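J.: I'd like to ask you about the structure that follows.
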Ligand SMILES: [Zn+2]
């Protein structure tokens, strides 16, 4: 632990009042929250280079652990890659998000309304909001919760895979991704195929001597687009996008090869879609599955407005090992992964209040006997 002490660190978040459950932040607290978000953004942690931001968080959280009787651990994932875990008491609730980002690194800036930069909403602003909520909870005397910051979410979920193998008994997981502070009732799945058609070259003046791969592909795609897609009352419609299409050699050549990449956003069992795609292709082309992430149903939470999101998270990889999952966070997925990534300061502050309230309510919902045993 001592070796983390040297990490460059901010003045710790401080508070003089009991601030959550709707009480407004003091101006100084907001400044600390924004400063922490910007400090995290300014440490380049494009996957898989999370070492520096992880080291910074170890130092920052070690101070918080020292002051409030907590413990901080470095959970190894791979060489120079580790998750950061902090706990106060025996955690029943864990707040968790990821500390890697997509490329390229973009340093932070701010104006009156927003904080900008890579990771502003996905997900370093969220990490800062979770830490600020932790400070509020600790100052209020709350215990039995923890923080888990994982590496690798943006590419392969290595951190979540490692975390799933080392659960710490937490019964609830609050996973942070940008949902505009709405509780996600589910995430659509993603099922991706490549459709490959093969034909026979010929002079286009004599098409009967060849076999057009492009014509075959168009017919197959048309039949795939006719597949009736299911609808779910919570997750909405299963949708299909024909994302890319390519093939052929010249206008006067019968094409010998053509392919398309298609993607379904699923809302349930993917097997019927597999079968329908095979039937639609009908031997005229090859349908190769490229990847599949299952659709996910999540629970509601007393008093929080809800949404459904289409993006993927670490929740399926964590596999319930860190407790029953909830998905919520400040910021919008629509600007994540873009050159204009940003987060509204107001949304960050609301995120802190939501996280603190959720932890408090989840702890309060525990049976008295269990609380006493902890
Ligand atoms: Zn994310």
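The values are calculated or read from the model by the stated rules, or taken from the named source; none is laboratory data. Every value quoted in this text rests on a predicted model; they were computed, and no experiment measured them. Cβ sites come from the backbone with ideal geometry, for glycine too, and all protein chains shown count toward neighbours.
J.: Take residue 175 and tell me if it is within 13 Å of the chain's Cα centre (by Cα) and either crowded, with 22+ Cβ neighbours inside 10 Å or modelled with pLDDT of 95 or more (or both). Before the answer, list the steps.
T.: Working: within 13 Å of the chain's Cα centre (by Cα): yes; either crowded, with 22+ Cβ neighbours inside 10 Å or modelled with pLDDT of 95 or more (or both): yes.
In short, yes.
J.: For region 339-367, give me each residue that is out of contact with any helix residue (DSSP H, G or I) (no Cβ under 7 Å at 6 or more places or on another chain), at pLDDT 95 or above and either outside any helix (DSSP H, G or I) or not assigned by TED's automatic domain parsing to the domain that holds residue 301 (or both).
T.: If the condition is that a residue be out of contact with any helix residue (DSSP H, G or I) (no Cβ under 7 Å at 6 or more places or on another chain), at pLDDT 95 or above and either outside any helix (DSSP H, G or I) or not assigned by TED's automatic domain parsing to the domain that holds residue 301 (or both), then 339, 340, 341, 342, 344 are the ones that fit.
J.: Here is a check on your reading of the model: is residue 137 closer than 30 Å to residue 102 by Cβ and either in contact with a helix residue (DSSP H, G or I) (Cβ under 8 Å, 6 or more places away or on another chain) or modelled with pLDDT of 95 or more (or both)? Write out each step before concluding.
T.: Numbers: closer than 30 Å to residue 102 by Cβ: no; either in contact with a helix residue (DSSP H, G or I) (Cβ under 8 Å, 6 or more places away or on another chain) or modelled with pLDDT of 95 or more (or both): yes.
Here the answer is no, as residue 137 does not meet what is asked.
J.: Restricting to region 323-343, and then to whatever is surrounded by fewer than 19 Cβ atoms within 10 Å (Cβ to Cβ) and away from the ligand (no atom under 15 Å from the Cβ), can you tell me which residue is nearest to the chain's Cα centre (by Cα)?
T.: Pass one, region 323-343, residues surrounded by fewer than 19 Cβ atoms within 10 Å (Cβ to Cβ): 324, 332-335, 337-340.
Checking which are away from the ligand (no atom under 15 Å from the Cβ) leaves us with 324, 339-340.
Numbers: 324: 16, 339: 18, 340: 18 Å.
Across region 323-343, the extreme among qualifying residues is 324.
J.: Residue 125 - would you say it is within 15 Å of the ligand (Cβ to nearest atom), assigned by TED's automatic domain parsing to the domain that holds residue 35 and at positive phi?
T.: Values: within 15 Å of the ligand (Cβ to nearest atom): yes; assigned by TED's automatic domain parsing to the domain that holds residue 35: yes; at positive phi: no.
So residue 125 does not fit the description; no.
J.: Filter region 268-296 for residues that are modelled with pLDDT under 95, touching a strand residue (DSSP E or B) at 6+ places or on another chain (Cβ under 7 Å) and exposed (fewer than 15 other Cβ atoms within 10 Å of the Cβ); which is nearest to residue 362 (Cα to Cα)?
T.: 291
J.: Mind listing just one residue for me: the one in region 144-160 that is outside any loop (DSSP other than H, G, I, E, B) and more than 14 Å from the chain's Cα centre (by Cα) and, of those, farthest from the ligand (Cβ to nearest atom)? Before you say what the answer is, go through the steps one by one.
T.: Of region 144-160, the ones outside any loop (DSSP other than H, G, I, E, B) are 145-150, 158-160.
Pick out the ones that are also more than 14 Å from the chain's Cα centre (by Cα) and you get 145-147.
Working: 145: 21, 146: 20, 147: 16 Å.
Once the filter is applied, the top-ranked residue is 145.
J.: For region 67-83, what are the residues that are in contact with a strand residue (DSSP E or B) (Cβ under 9 Å, 6 or more places away or on another chain) and more than 16 Å from the ligand (Cβ to nearest atom)? Before you say what the answer is, go through the steps one by one.
T.: First pass over region 67-83, keeping only residues in contact with a strand residue (DSSP E or B) (Cβ under 9 Å, 6 or more places away or on another chain): 68-77, 82-83.
Within region 67-83, 68, 69, 70, 71, 72, 73, 74, 75, 76, 77, 82 meet the criteria.
J.: For the condition within 16 Å of the ligand (Cβ to nearest atom) and either touching a strand residue (DSSP E or B) at 6+ places or on another chain (Cβ under 6 Å) or not in a strand (DSSP E or B) (or both), what is the one hit in 194, 177, 208, 261?
T.: Selected residue: 177, the only one of 194, 177, 208, 261 that is within 16 Å of the ligand (Cβ to nearest atom) and either touching a strand residue (DSSP E or B) at 6+ places or on another chain (Cβ under 6 Å) or not in a strand (DSSP E or B) (or both).
J.: Same structure, new question: Please count how many residues of region 302-322 are more than 22 Å from residue 163 (Cβ to Cβ) and more than 14 Å from the ligand (Cβ to nearest atom).
T.: Taking region 302-322 as the starting set, the residues that turn out to be more than 22 Å from residue 163 (Cβ to Cβ) are 302-308, 310.
Still in the running and more than 14 Å from the ligand (Cβ to nearest atom): 302-308.
Residues in region 302-322 being more than 22 Å from residue 163 (Cβ to Cβ) and more than 14 Å from the ligand (Cβ to nearest atom): 7 in total.
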